[in-house]
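Here's the structure, in structure tokens; my notes come after.
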Amino acid sequence: MTDLTLGKSPAVDRAKVLRGLQDYGVYAGVAVLLLFNVVFTDHFVSAENFRTQAVQVAPVLIVALGMALAIGSEGIDLSVGSVMALSTSLLSLYLGYGPWIALLVVLVGGAVIGFANGALIAFVGVQPIVATLALMVGVRGLALVLLPQLKSVRDPAMGSLGAEDILGVPYLVLIAAGLAVVVAFLVRRTTFGRQLLAVGDSRPAAQLAGLPVRRILIIVYVASGILAAIAGFLATARLSASDPTSLGNLMELSAITAVVVGGTPLTGGRIRIGGTVAGAVLIQLLTATLIKHDLPPSWTQIAQAVVIVLAVYAARERGRR
Amino acid sequence: MPAKPVEEPTGPTRGERLSALAQQHGALVALVVLAAVASLSFDSFATSANLEPMAMSATFLAVIALGMTFVIITGGIDLSVGSVFVLGGVLAAWGSQYGTLVALLLPLVVCGLIGLVHGLLIARTGLAPFIVTLAGMLAARGIMLSITDEGATTYLVDKDAYLAQLGQGKLLGFGVPIWITVALFAAGAVVLRRTRFGQNVYAVGGNEDAAALMGAPVARTKIKVYVLSALLAGLAGILNAAWLTSGVTILGYGLELEAIAAVVIGGTLLSGGLGFVSGSLVGVLLLKVIQNIINQIGTLDSAYQQVVSGGFLVLVIIAQTWLGRRRKVF
């Protein structure tokens, strides 16, 4: 390892600072960006703006929740964007039977893709990045085979799901928050959560300890698939259109960024759902801030790249401990 | 003294030797079979009017896959190649107004620097290649967008410039980029098999700790492969811009995945330590032949192409994992 070439151990103070950065940096980042916007951005503090930002972040967050599970198991799920595309295609095809049937088909679709990912990883022993990469390519194609072009979605139930709210909180945000609570509970308070972290920490050790490693991995990827399918369903409701060509493009990158920036190490064994939520919000705020100050979208990408590297650098110090 | 990298373990059984053969040359067998079936099924397949454009469109991916092969053999990955490819093309087209030398050097310098940053971050700070090159992918695309007015400006290459001739010229009936690609692959094979650097690439991918203990320059080798990968991606961009006589800004999405797929299909293990450049060339050709066949069938659109490519990739990696299991523990 590079340990051999580094040789010097970092000073204690620096380590402490970095650890603090990793644990609370993302919240601090959100706070700083909020403060900056409140002071310097016109029309930032308005219910309408908060609503817009929150609705935009909801699908990313839902996908990131599944990604956090996959990364916590020392894996990754690159197929999430394609699963979103598949779910928007399935949604359009089955909406004629009613929104509930369509939702059911969409969830089953996401679960099937997740199961395929999980089976390749758990039973065949393929590296997660390769398995989900293959599915990413194939599933996007499948989505386009099912629905070759953009189709508008005209359904009153879908319309109200995408546009309406309860007491000022949009449905999409409520659903995303609810799912975050469920996943956080799953990770923190259940046997499955503890087993998942054990698998992510060291798969051989988990195997020796007699944990059902394969079943855990399958569940992780099925969950990730289902969450991505839900995100695709909700994104379609918000846009009132099915666009399998572009829906979910680069979503895997946004989700990975949210998870990693939120302090979940890529090396597995640790999942921070609160951090993931804050990470998704941070990226959304960063983009919004740059756009509102008339900086071109290209800057957003560069800024995102810098944030990713800084976050992972901080996480690296923790990983060594 | 590192042993010859892909030498068989001592006393392989017949089964092991067969599985190794299948893993190394399975893609070649598949390519030959597919090409034979295609030329029997479609009269238009084995014509130079079909093969030459197919080879030409394969060159850009092939040049990128060559660099990716080195990176993957060290056990790393480079997700930035699609963005670097586009950036290289745009810089070449922009630079061509100041002469051919600028058009060639500017993209290579910029792309090389991006590769250097990747390499330094990965080798010196121990960050995961996946994340570093992911960030590089965003940054390179961001730089490209910012020099093209958010993708609105397309720089053109003067059709009489040397650069355009490099892309569009023909030699013995084949386009110049095809010859360049063949030469690059020959050089790549020599570098990987016959040089100290090539040995280090295998050693780092085989077992990093052991390589370091044996005195292989682990960090320097890693830095070099990421610079190499970025340089080749930039060069592919230059060739593409020369061929199209413009720096098209909307290309390159998903190219990194295609390149990785080609390398993996070609028998290089993603876990590192094992692989060879000719396999990657075969992998690229295989992907292109599949695409071509699907185009020939006509009734199938490009969506099926993706389904077939994805399905094929799944089959290949299942086969590879099973065949490779005996030789390499993940």
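The values are calculated or read from the model by the stated rules, or taken from the named source; none is laboratory data. Not measured: the values here are computed from a predicted model. Cβ coordinates were reconstructed from backbone atoms using ideal geometry, including for glycine residues, and neighbour counts include every protein chain displayed.
A few remarks follow.
- Residue within segment B:118-134 that is surrounded by fewer than 16 Cβ atoms within 10 Å (Cβ to Cβ), assigned to a helix (DSSP H, G or I), β-branched (Val, Ile, Thr) and without any contact (Cβ under 8 Å) to a residue 24 or more places away in the chain present: yes
- From the options A:140, A:51, residue that is among the basic types (Lys, Arg) and surrounded by fewer than 18 Cβ atoms within 10 Å (Cβ to Cβ): A:51
- Residue check, residue A:297 buried (at least 22 other Cβ atoms within 10 Å of the Cβ), over 30 Å from residue A:156 (Cα atoms) and modelled with pLDDT under 90: no
- Of the residues B:90, B:71, B:117, the single one that is hydrophobic (A, V, I, L, M, F, W, C) and within 26 Å of residue A:283 (Cα to Cα) is B:117.
- Residue check, residue A:85 in a helix (DSSP H, G or I) and within 13 Å of the chain's Cα centre (by Cα): no
- Test: residue in segment A:277-293 that is small (Gly, Ala, Ser), within 23 Å of residue A:125 (Cβ to Cβ) and buried (at least 21 other Cβ atoms within 10 Å of the Cβ): no
- Within segment A:143-160, being surrounded by 15 or more Cβ atoms within 10 Å (Cβ to Cβ) and more than 21 Å from the chain's Cα centre (by Cα) holds for A:144, A:145, A:146, A:147, A:150, A:151, A:153, A:155, A:158.
- Pairs, first free of Cβ contacts under 8 Å to residues at least 24 places away in the same chain in segment B:180-192, second in a helix (DSSP H, G or I) and surrounded by fewer than 18 Cβ atoms within 10 Å (Cβ to Cβ), C-beta under 9 Å, six or more apart: B:191/B:197
- Unique match (being modelled with pLDDT under 90, closer than 17 Å to residue B:66 by Cβ and either surrounded by 24 or more Cβ atoms within 10 Å (Cβ to Cβ) or more than 12 Å from every other protein chain (Cβ to nearest Cβ) (or both)) among B:264, B:248: B:264
- Only one of A:36, A:50 that is modelled with pLDDT under 90, aromatic (Phe, Trp, Tyr) and more than 23 Å from residue A:168 (Cβ to Cβ): A:36
- Considering B:209, B:158, B:149, the condition of being within 14 Å of another protein chain (Cβ to nearest Cβ), part of a loop (DSSP other than H, G, I, E, B) and out of contact with any Lys or Arg (no Cβ under 9 Å at 6 or more places or on another chain) is satisfied by B:149 alone.
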